[in-house]
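What follows is a set of notes on a single structure, which appears directly below.
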Amino acid sequence: MKDVQNERDDRQVTIDRVGVRNVSYPIVVMDRERGTQNTVASISMSVLLPHEYRGTHMSRFIEILEAHKGKVGPVTLEAITEHLRSKLDATEAEIEFQFPYFVRKPAPVSGILSYMRHDASLKGIYKKNTFDMITEVKVGVQTLCPCSKEISLNGAHNQRTKVELAVRMDELVWFEEMIQMVERSASAPLYTLLKREDEKRVTEQAYTNPRFVEDVVRDLSIELNRDERITWYEVSVVSAESIHNHDAFAEISRDKRCQEN
């Protein structure tokens, strides 16, 4: 049969990324407490398309995914990107797994356990003959406004805040460690299940630990700078304001390797 994708294209336009997106697929990821965790990922795969090719072979992306099914981690990501590059005759390749990651979390006083969901991702990039990996987790926390506390006689307003933390690393940093870093930078963590004594503790913890989004970003940045396993990080903090009709946000990105030089 005629292979239309392999037809020559004379428009002299290289396409940065071409591939498939929103592929739903079961995967297994590493879990610090239980060894592994089964979850379902939304997967994106792409390659750089040279200007002389009219198209790429979309079915080959899924074939490669099938060939590497199983546990997803640094070794798997590197193998898949190399396979994509060679199979599709490309110089650059990317794959990203986005998935829910669950942690068993005890309530602060009662100790009652429940599952806490966090959205995580693993991204592998093969470019300039080098493999790179970015690990990301999104963590919900609580922040209480320092300004509101200062000017109010009875209480202060707070909000649910979403923190997105992405890192490059030289040594393994667990999702659980990244989640704990984020929670330490906030006024108080979130929980799925709380009894009344737990609610009291969390409410009082937030009140005694007020944080702007700027505070969260700075405290988290200081901890990330101290962790020698992490070589690069990007942090985004967004608070859904409870008394304003808008969000507040703060972001920071640092390449620690450049700072060392």
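The numbers here are math on the coordinates, done by the rules we state, and not lab data. These numbers come from a predicted model, not from an experiment. For neighbour counting, all protein chains shown are included, and Cβ atoms are generated from backbone atoms with ideal geometry for every residue, glycine included.
Once you reduce the stretch 201-261 and the stretch 109-149 to the center of their Cα atoms, the two points are 12 Å from each other. A straight chain from Q12 to S253 at 0.36 nm per residue would run longer than the Cα-Cα distance by 83.3 nm. Shown for the chain: lysine pairs separated by 8 or more places, or found on different chains, whose C-alpha atoms are under 15 Å apart, numbering 4. Please name which of N245, L165, L224 has its Cα lying farthest along the dipole of the stretch 129-261 towards the positive end, using unit charges on Cβ (Lys, Arg +1; Asp, Glu -1) and the Cα centre as origin. In the stretch 129-261, that residue is N245. Between T91 and L48, the built amide H atoms are under 5 Å apart, and every one of these is 5 or more places off in sequence or on another chain. Contact order for the stretch 8-97, expressed relative to its length and based on alpha carbon pairs under 8 Å spaced 6+ residues apart, stands at 33 percent. Contact order, relative form, for the stretch 129-261: 29 percent (alpha carbon pairs under 8 Å, 6 or more residues apart, mean separation divided by residue count).
Over all directions, how big on average is the projection of the convex hull of the alpha-carbon atoms in the chain, in square nanometres?
Projected area, direction-averaged: 18.1 nm².
Return the single residue from V167, V13, V141 with maximal mean-square fluctuation; model: Gaussian network over the chain, springs between Cα atoms under 10 Å. In the Gaussian network model the winner is V13. Rounded to the nearest 20, the Cβ-based charge dipole of the chain about its Cα centre (Lys and Arg +1, Asp and Glu -1) stands at 580 debye.
Overall, the ratio between the Cα radius of gyration of the stretch 81-124 and 2.2 N^0.38 Å, rounded to two decimals, is 2.00. For the chain, the residue among V75, L144, V109 whose Cα projects farthest onto the positive side of the dipole built from Cβ charges is V109. The relative contact order of the chain comes to 14 percent, based on Cα pairs under 8 Å that sit 6 or more residues apart. Temperature 37 °C, viscosity 0.692 mPa s: under these conditions the Stokes-Einstein estimate for the stretch 129-261, based on its Kirkwood radius over C-alpha pairs, is 208 µm² per second. The residue list A206, I125, L49 was ranked by how far each Cα lies along the charge dipole of the chain toward its positive end, using unit charges on Cβ atoms, and A206 comes out on top.
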